[in-house]
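Below is one structure, written out as structure tokens; the observations come after it.
Coordinate-derived values only; no laboratory data. These numbers come from a predicted model, not from an experiment. Cβ coordinates were reconstructed from backbone atoms using ideal geometry, including for glycine residues, and neighbour counts include every protein chain displayed.
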Amino acid sequence: MKEFLNILKNIISTIDWIYASIIILSLFGGLLLQSSSVKLILISIAILFLIALISSLAQKFSDYYSNFQKSSFSKNYNYEITTQNSNTATRKTIENFDNKDDYKINTKNESDENSEESIAAEQSNEKSKFYYFDELSSVRIIRKIDEFEYINKEGQNMENNPINIEDSSNSPGEIPSDNLEQTSHSMDNAPNIEPEINDNTDFTTSDETQDSSELSNQINLNFEKVAMNFPINTFFENHPLFGNEPKQELEYFLNRILMIIKASISANTIGLFFLNPNEKKLNLFSFITENNDLLSPKRDFSIDNDILSEILTNAKPEILSDINYSAILDILPYYVEPVEIRSFAGVPIFLNEKVVGILTLDSIEANSFDSNVIGYIGNFTKLISSILTSLNEKFELIVSAKTLDAVNSMQMSIKKENISFENILKNIFEAISKILKFENIGFCNFSSQSNAWTIQAVQGKEEFVKSLHNAAIDTQNGLIKKTLFDNETLFLSPINNHKNIINNKIEFDSNGYFLAVPLKSIGSSYGAIFVYGENHDAITNYDVQILNTLANNAAATIEQFLYIKVFSNYAQIDPRYGILNTSALFNRLNEEIARAKDFNYPISFATIMIDELDTLKSKGFDIEALYNILITNLNANIRPYNLLGEVDERIIAVVLNYIDLKELRIWCEKVRSEIAQVPIDING
């Protein structure tokens, strides 16, 4: 009722007030006067002006509703709407907005497929028909011209028999020249038609019976084909970023969604906001506007008392109409100057049943948005939610795949020749930089040389490297001590007022982030890896998880490397060839030299290696197999108390007791000759 009175107040004019005044005065005078003839005249006047007033108001109501902004969407949404009126605007809250996608995937089993095939086989014996149901209109023939007279002779009823229209003489998209020349003639002789609403209109296809096919061939229906050439990118777009970078794909898809909404709804500005949970702010991710100069240059908006904050807090769509011009900046914080905005609509975006963003529309037209618009926009918010879920999973899958590659690379690095701790650390830094895009990376551990905890390796910007190279760690008050001694992850985002992270002399940007994870294995701890950046928005909790995973595998790799190193230093027998390793060989050599001096007997030392080993390796020969053959021949030509070991990876050494230099030369030539003359079978 109140809305009706507001509309009446807006459309009533001066002449309507005059009509109403005359009606009131006539009725009032008819009640006061005693003369029946005068009463009759006054009542008649009141009735006439009442009719005039009703006609005037009826016309104005008709004009008002004909110009009233109506929804262009045919589907009606039955929402419960709570309306609140204030001096700033009329606010409508959608109470029962459904944030769940009702799309269902139909799953079929083999039995369903078999039943469908049997049904299709039964229907294939019947006539193939295409039924077209048009909710607007269809056509029917009500009069036939001379070209169809032979149909009348055979008693055919054109209203009851469908006409088969097909043309196989021209390929699709081509314009027949005959039809172009006969277009005007065909239109002049065309049958009269009239619209008819009919949901059962039946068009037959080329599989009709032979009689109807002959009938259609006899009827010469003249029509004009129009060839319309569209560029290929009208229907699809093969963008180079697809499949490469999920973040860029997200921007691309969301911009296209906003363009579609802008093309289908009359709006001044369409904005897409996402929630930053760390700072509790709304970020304007993307927008399309008619007033670019009036939008705020900043893209982060605090959660306050504006309409965006209300939508975020209540998790319900909101509609504002009749917005007060003076309250524009208070209601819509993304403008820096007042705009003639009359209507606003905002729909929350849900992800895992939590609000993660808002899709907003505003318009300079009054009452531009209603519940149908909210339902229509709700389809896009569900689509955005699905895109976020899909691309987030895709991003995590890419990162997981890269992490797996990095872990495999670390494990494979142990098998490389001459692997060192420095190489392992370099591989870890490269993996972190490649997968997580961190630029400033460091490693800290206890230094036996300086007998203190220090930063032993850094990679990143020049300023970062200079400030942290060989920097000492404050093990008493430094925040990183929790990572080094308690194996706890240190994550500061933003850093804020935390000054003493490494030590009290090194300062980090308060708006940046600092993340340190321990290098811990099952048996021990090997220091910590840390990363630093100047923008705390560039790191997420998922990055923390991935860095922890890389650090754990890096610690396992370091542990394996140290075990191998310990084994190499303390073991005496090389497991590959069954001979003394380098350290054991030289230890035994010193013992034999000392014994030879004490007992005054000669001792000889000979080294053997395979010529052109790199050439043989490039041809596919197994190097270990070659050395095993060499060692087998050497064992056959030495005594049990002689020593046989390796100097390095390619040189074999023999220590011969009681053999002088002359006898050593004869022995070496004998061994060389035996190996050269005996054929060797290697891999067939």
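What's the ranking of 245-252, 565-572, 362-369 by average number of surrounding C-beta atoms within 10 Å, highest first? Before the final figure, lay out each step's value.
Numbers: 245-252: 15.8, 565-572: 11.6, 362-369: 20.1.
Per-residue Cβ counts within 10 Å, averaged per peptide and sorted highest first, yield 362-369, 245-252, 565-572.
Any chance you could check the Cα centroid distance between region 491-570 and region 447-467 for me, in angstrom?
13
Using mean Cβ contacts within 10 Å as the protection proxy, how do 449-457, 11-19 order, highest first?
Highest mean packing first, the order is 449-457, 11-19.
Search the structure for amide H atoms under 5 Å from the amide H of ILE501, placed 1.01 Å from N in the peptide plane, and list their residues when 5 or more places away or on another chain.
LEU479
Can you list residues whose amide H is under 5 Å from GLN456's amide H, if they're 5+ apart or on another chain and H is modeled 1.01 Å from N?
For GLN456, whose amide H was placed from the backbone, the distant partners under 5 Å are PHE443, CYS444, ASN445.
Just to check I understand the Karplus step: with θ = phi - 60° and J = 6.51 cos²θ - 1.76 cosθ + 1.60, what whole-Hz values come out for region 486-493, glycine and proline as x?
Running phi through 6.51 cos²θ - 1.76 cosθ + 1.60 with θ = phi - 60° gives 10, 6, 10, 6, 10, 10, 10, 8 Hz.
If packing is taken as the average number of other Cβ atoms within 10 Å across a peptide's residues, how do 54-60, 483-489 rank, most packed first? Display every interim value, and only then the final one.
Working: 54-60: 13.3, 483-489: 15.9.
Per-residue Cβ counts within 10 Å, averaged per peptide and sorted highest first, yield 483-489, 54-60.
Using the structure shown, list the pairs from LYS426/LYS619; LYS437/LYS466; LYS461/LYS481; LYS354/LYS434 with a Cα-Cα distance above 27 Å, or answer none.
LYS426/LYS619; LYS354/LYS434
Apply the a/c threshold of 1.5 to the C-alpha gyration tensor of region 384-543 and tell me whether it is rounded, prolate or oblate. Let's see the in-between values first.
Values: a/c = 1.92, a/b = 1.17, b/c = 1.64.
It comes out oblate by the Cα gyration axes.
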